[in-house]
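Below: the structure, in structure tokens.
The values are calculated or read from the model by the stated rules, or taken from the named source; none is laboratory data. Just so it is clear, the structure is predicted and the values come from calculations on it, not from any experiment. A quick note on method: Cβ atoms are made from the backbone with ideal geometry, for glycine too, and the neighbour counts reach across all protein chains shown.
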């Protein structure tokens, strides 16, 4: 589930074949009308801060990799967002440090774009909900989730 890392780096990376695979992904994503979703093809891994993560039916970027909220409502056909935790939060939500939020973005993007990627937005949300508490806990402990 966890991609390989470059030696001495906290950056997730993959070999050239994996990177090519990721950049050609998401054609399987379907919107509520079961039409292919607009393809999101990051040129690099991890995606650039301004790379589209979710797009509307007409091709407009709804959410970008660096956003604190990723909105997949159009794909899901109902309200569905992933909150990375480094933007404005409700009082009852724990903030996530910028470093841990960036790692969480990479994990969520991996679920969406990596090998064995999710096929539905509800699966993406379910996987996200399983891992987000790790990043929240690491933030409360003052550590980065990538540290051993």
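Reported count of residues in the stretch 84-95, each being surrounded by 13 or more Cβ atoms within 10 Å (Cβ to Cβ) and modelled with pLDDT under 95, is 5. If you go through the stretch 129-148 and keep only what is in a loop (DSSP other than H, G, I, E, B) and either modelled with pLDDT of 95 or more or closer than 13 Å to residue 97 by Cβ (or both), you end up with 141, 142, 143, 144, 145, 146, 147. For residue 117, indicate whether it is part of a loop (DSSP other than H, G, I, E, B), touching a strand residue (DSSP E or B) at 6+ places or on another chain (Cβ under 9 Å) and in contact (Cβ under 8 Å) with a residue 12 or more places away in the chain. So residue 117 fails the test.
Reported count of residues in the stretch 70-95, each being in contact (Cβ under 8 Å) with a residue 24 or more places away in the chain and in a helix (DSSP H, G or I), is 3.
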